[in-house]
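The next block holds one structure in the form of structure tokens; read it before the comments.
The values are calculated or read from the model by the stated rules, or taken from the named source; none is laboratory data. Since we're looking at a predicted model, the values are computed, not measured. FYI the Cβ positions are ideal-geometry reconstructions off the backbone, even for glycines, and counts take in every protein chain you see. All accessible areas refer to the heavy atoms of the entire protein, side chains included, with ligands and DNA or RNA removed. Shrake-Rupley method; radii C 1.70, N 1.55, O 1.52, S 1.80 Å.
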Amino acid sequence: MTVTAKDTGKDTSKDTSVEQAVDQVTLTIDGIEVSVPKGTLVIRAAERLGIAIPRFCDHPLLDPVGACRQCMVEVPDMGNGRGMPKPQASCTLEAMPGMKINTQLTSPVAEKAQAGMLELLLINHPLDCPICDKGGECPLQNQTMSNGYGESRYGGVKRTFPKPVPISAQVLLDRERCVLCARCTRFSEQISGDPFIALVERGALQQVGVYAEHPYDSYFSGNVIQICPVGALTSADYRFQARPFDLVSTTTSCEHCASGCQLRTDHRHYQVKRRLAGADPEVNEEWNCDIGRFAFVYGRLHDRVTMPLLREDGVLRPASWPEAIDAVVVGLKAAGSQVGVLTGGRLTVEAAYAYQRFARTVLGTNNIDFRARVASAEEEQFLASTVAGVALDRSVTYADLDRAGKVVLVGLEPEEESPIIFLRLRKAVRKRKLPVVAVAPLLSNGNAKLSATLVQTAPAGEADALAALPDVDAGTVVLLGERLAGVPGALSAAVALADRTGARLAWVPRRAGEVGAIEAGCLPTLLPGGRLVADGAARVDAGSTWGVSSLSAEPGLDVNGMLGAASDETLKALVVSGAEIGDFADPVSARDAFEHVGFLVSIENRLSDIAARANVVLPAALLEEQTGTFLDWEHRPRRVDRVNKELRSPMTDIRILAALSDALGSDLGFRNAVQAAAELAELSGWDGNRAEVPAFAASDDTITPDGLRLATWRQLIDDSRHNDGADELMETAPAPVARFSTATAARAGITEGEPVTVGTDRGQLTYLAVLDDTVVDGVVWVPSRAPGQNVAETLGARAGDPVTAKEGFAS
Amino acid sequence: MGLFDQWAGFGVTFMTMFRPTFTQGYPEGWGNKKKAKEKVTAPRFHGRHQLNRWPDGLEKCVGCELCAWACPADAIYVEGSDNSEDQRFSPGERYGSTYQINYLRCIFCGLCIEACPTRALTMTNEFKLADYSRAKLIFTKEDLLAPLLPGMEQPPHPRRLGDDEEEYFRGLPATGQSDLRTWTNQKEATS
């Protein structure tokens, strides 16, 4: 075991069961004996006894630094019979056998040292508490009250700095308040790997500084606000919004990606004011990304739907619920079983299960798909065979990433597409030099921070690269991104690789609800829990739970099939929930399908492109207004708790579907998330037939020497609708750049830093050219959805398609 | 029972008509003119609150909510906001954008004014707080702000007493000396 106990406080408690008796150290703190694993810091050993030593710089997930000198203790015996002449910082002192420690509880020396430290820290600390956002939840305030002197002896003039200084659009720095604990700089260097902030200057003028030419645009910058033990780093978004005692906190889960972060959501008067990272050592530890922290205002914008809307004479008008439900019933009855259900990928497991059951038992069709994105039959087979019906104990977890001998990333940019996986990998890379291999067309900034070895692969060439990948063994974990759906043969090659070498596979989608939707059976060939529609026994099993005599064995249409059938009007009705036209593989043909379908029901929070074309729009509750569960990429249940109890739209997806089922003369079987979860639990643990693993051939389309191919993926902060309203967050979005290798750029006559227009016969988009020699020759990389620039829509191209590039703006 | 007994009671009424009255008009008016004066409270009487201003008219309230925190009756509601250079209500970074005191709840204990770190909130001697509806007894910031005295200007406006915070506050008081008094040295000085 290479992870030693001194890494984190959490590891300490987790590792003891393994390391018991091997490396235990017994020491005495305040006259009480305690045994801790070797390498434990004294401050942690004291925590085990319930003794809180005041501290600022110490953080269990950051390397010890001993910067603030607050955690002074008296050491009468170092374990070798000799004492320390002066008080020592307990956060940098390792426990030794026979050591004696006296904390402030028993030692006047330690108490005086701590009080003196606080007095010194407060000399230059402004009396800003009434106007400081940290006031009321401030470790400096609290520890001054518990361990400090009542009064300052300092009568001079305090050092002042101009304030506040924005170090990024989201983070404001107040240098007067800083106690120089270096938590923020250590976080950005050790955890996120974006060392754009550092301590500069000396003495009383020492301060946190930011590079003049780079703002602190890290995807994880919000964490430094949370770990700052004083109010030196505050959030621009939360600035002066509330006081800690105004806020009601709810522990919930993040709805944005499949990483599954636990969140603490704070609301004041039923309006969410801020979101903080929850502490879940098994998943997100104590971190989250800026999307999860700042993108939460999308539900309170002007386009929120609060009443059902009904199309009358071509215009949507507000309607009552009974009227809207009657209209849906008429439309769906007319369509019969020529109806499809698209659920998007953002629903809770319970809601996805409700849609699935609505489609199969109420509408009597297998036309259901959650994939509002690039999707393929190969992917569906892969999901059915490899992802569906896998319980947490058999799937790859974050702990497996910590233990893996090697991690291979295929079609996945962890920093952009699953940030907590990135943080976990970075931790393993940093602590134990985990080898990371990226099968990608270029070494992205995120993968560079993972010291990843790049297996240069032209877009759409992942299948061949996987087949030829060297040094893969049973200790290897292969992480597959959802983008591989667009690469014929890639998922088959990954399965074959795992089969051949014993490597473990994990599929990492981008959206929070995708794994849950697979488990709930939101695929045309898949029933809940990995049962196959084609399997008679599985249909009988599911049918008996649902109390229906028979389920349709006819294979349904997947998302591409449904959109195609809607375009040529063989599909008469579509029920769509939480999907965006811009997300589909080809937004133009998707728009055409939604225009042509005879009857379109949109169950939405907000008006969208699809809602604007719908015959009936039914308003669904926001995620913060309902309970449920997400499954993260590991298949770990992530609880979603109701934050906002003042509902603007009292109908959750499940209640809407139950009401529609009643009106259609059928029964959904449940009316809330708890009942839905109970029914889904009955369907878990299927041990019957599973889908065959996919064995699709790779396309033999090779790159031509002069042609230019497109490489693209989505970035963390981009044109998603869930970022709407989070203006500060969007200001930190990466600039839209096109990346070329020097050779490719020279051939195409492109200069670094100049605008470059990437085009197809459908359209053109302009980016800033960046030369990057890790890019495969003959390839241009652009972000898929930079703000206002949708590659799939404007260019009609996906990864691997030929494009042209020329210097200058679009003509 | 005699014939006039039932009229005897009216005799009392009749006699009273010629005695001096005890009732008084309020605040002034009919009845005993001598007594018809407004009640003068003790100088430190806990009356209606007031939100004070700096000498240039900017608000002293920073929206810190300490008054709301201290209030045992939960009568105060405050929201803070950010001052900007073109919309400045208080000299510092933060001002109270919403300020409400619910006088149906307020028990006039004065803990809020003790909690106030900027002396923005004080109490006046005003005690006539009766009205016809509950809504009218929730006093908002407009009701509570102190009137503009000569030389004051209705915010928002730039700082008139100094260009930055330091100059603004160090100019107050005009002695130019920092206020070094603490509770201990005052006690020593007086004993």
Everything considered on the Cα gyration tensor (a ≥ b ≥ c; rounded for a/c under 1.5, else prolate if a/b is larger than b/c, else oblate), region A:192-267 must be described as oblate
To the nearest 10 degrees, the tilt of helix A:490-501 (Cα long axis) against the first principal axis of the alpha carbons of chain A is 60 degrees
Simple spin-label estimate for residue A:569/residue A:662, 7 Å along Cα→Cβ, in nm, reads 3.6 nm
The helix A:653-663 Cα axis meets the longest alpha-carbon principal axis of chain A at an angle in degrees, between 0 and 90 and rounded to 10, of 30 degrees
Chains B and A: accessible area buried, summed over both chains, 1.4 Å probe, nearest 100 Å², reads 1600 Å²
log10 I(q)/I(0) for region A:115-253, Debye formula on C-alpha points only (no solvent), q = 0.11, 0.19, 0.21 Å⁻¹, two decimals, reads -0.42, -1.20, -1.39
The Cα radius of gyration of region A:413-520, divided by 2.2 N^0.38 Å with N its residue count, comes to 1.05
Note on region A:112-139: residues buried by at least 30 Å² of accessible area once partner chains are added (vs chain on its own, 1.4 Å probe) come out as A:130, A:131
With DSSP loop assignment and no more than 10 other C-beta atoms within 10 Å, the GluC sites (Glu not before Pro) in region A:64-153 are A:151
Links exceeding 32 Å between C-alpha atoms in this model, out of A:572/A:645; A:158/A:431; A:134/A:433; A:112/A:134; A:158/B:60; A:100/A:158, come to A:572/A:645; A:158/A:431; A:134/A:433; A:100/A:158
Expected integer from the mean partner chain Cβ neighbour count at 10 Å over A:148-154 is 1
For the protein assembly as shown, the dipole about the Cα centre with charges only on Cβ (Lys and Arg +1, Asp and Glu -1), to the nearest 20 debye, works out at 3900 debye
Taking a crude spin-label model, label points 7 Å out from Cα along the C-beta direction, the residue A:595 to residue A:239 distance in nm is 4.5 nm
About its Cα centre, region A:444-501 carries a charge dipole, from +1 on Lys and Arg Cβ atoms and -1 on Asp and Glu Cβ atoms, whose size in debye to the nearest 20 is 160 debye
Over its alpha-carbon atoms, region A:507-647 yields an Rg and a Dmax in Å of 16.9, 45
Once both label points are put 7 Å beyond Cα along the C-beta direction, the residue A:766-residue B:21 separation in nm becomes 8.7 nm
Applying the gyration tensor rule to the Cα atoms of region A:477-518 (axes a ≥ b ≥ c; rounded if a/c under 1.5, else prolate if a/b exceeds b/c, else oblate), the class is oblate
Packing-ranked peptide list from A:352-361, A:33-42, B:138-147, highest mean Cβ count within 10 angstrom first, is A:352-361, A:33-42, B:138-147
Using alpha carbon centers only, region B:38-53 is separated from region A:200-252 by a whole-angstrom value of 42 Å
For chain A the mean separation of alpha carbon contacts under 8 Å (6+ apart) over residue count, i.e. relative contact order in percent, is 12 percent
Heads up, region A:245-306 by the C-alpha gyration tensor (a ≥ b ≥ c square roots of eigenvalues; a/c under 1.5 rounded, else a/b over b/c prolate, else oblate) looks oblate
Comparing each residue of region B:64-110 in the complete protein assembly with the chain by itself (heavy atoms, probe 1.4 Å, ligands and nucleic acids ignored), those losing at least 20 Å² of accessible area are B:64, B:65, B:69, B:77, B:80, B:82, B:93, B:94
Percent antiparallel among DSSP beta bridges confined to the protein assembly as shown, rounded to 5, stands at 60 percent
The helix A:587-596 Cα axis meets the longest alpha-carbon principal axis of chain A at an angle in degrees, between 0 and 90 and rounded to 10, of 50 degrees
A 1.4 Å probe over the protein heavy atoms gives chain A a carbon and sulfur accessible-area percentage of 53 percent
Using alpha carbon positions and the Kirkwood radius, the Rg to Rh ratio of region A:269-421 is 1.03
Chain A accessible area per residue, 1.4 Å probe, protein heavy atoms, integer Å², reads 37 Å²
Rounded to the nearest Å, the spacing of the alpha-carbon centers of region A:552-607 and region A:78-100 is 68 Å
In region A:215-245, accessible area falls by at least 30 Å² from chain alone to full assembly (1.4 Å probe) for A:239, A:240, A:243, A:245
Log10 I(q)/I(0) at q = 0.05, 0.09 Å⁻¹ for the protein assembly as shown, from Debye over equal alpha-carbon scatterers, is -0.40, -1.11
